[in-house]
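The values are calculated or read from the model by the stated rules, or taken from the named source; none is laboratory data. These numbers come from a predicted model, not from an experiment. Backbone-built Cβ (ideal geometry, glycine too); neighbour counts: all protein chains shown. Heads up: the accessible areas ignore ligands, DNA and RNA and are worked out on the full protein's heavy atoms, side chains in. Shrake-Rupley method; radii C 1.70, N 1.55, O 1.52, S 1.80 Å.
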Amino acid sequence: MVLLLLSAGLASLACITTLAIGALSPVGKALGVLSAVLGIACGVTGGSVAAGLGADERTVAAVGLFCCSSLMIGGSVVARRLIRKAELQRHL
């Protein structure tokens, strides 16, 4: 149950970070969508692996959410760095 609550909190944080990079620029919107798609794919894969190992439904959902949100947050951080680096190079 604790893992499910932690995963839900991370999912909320992942949504906020993805929306934040989408507000930066049009490129940020594209990178946010890419981050979300990769996160969802990773979440489905993690959930499938957990289900294949015989975990119950709550654990499968928690593992899927955790994998998805972790990759979305990581992708958002990388996208934000790329956007800021591109803006700095454009000004120089």
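Considered as an equivalent ellipsoid built on the Cα gyration tensor, the chain has semi-axes of 31, 12, 8 Å, the largest given first. With the simple model of a label 7 Å out from the Cα in the direction of the Cβ, V37 to L5 spans 3.6 nm.
For the chain, the per residue solvent-accessible surface stands at 65 Å², with DNA, RNA and ligands left out and a 1.4 Å probe.
For the chain, the membrane-span-like helix rule (DSSP H, alpha carbon extent of at least 24 Å along the helix axis, mean Kyte-Doolittle at least 0.5) picks out 2-22, 26-52; this says nothing about an actual membrane. Based on Cα contacts under 8 Å between residues 6+ apart, the chain shows a relative contact order of 39 percent.
Heavy-atom surface analysis with a 1.4 Å probe gives the chain a carbon and sulfur content of 74 percent of its accessible area.
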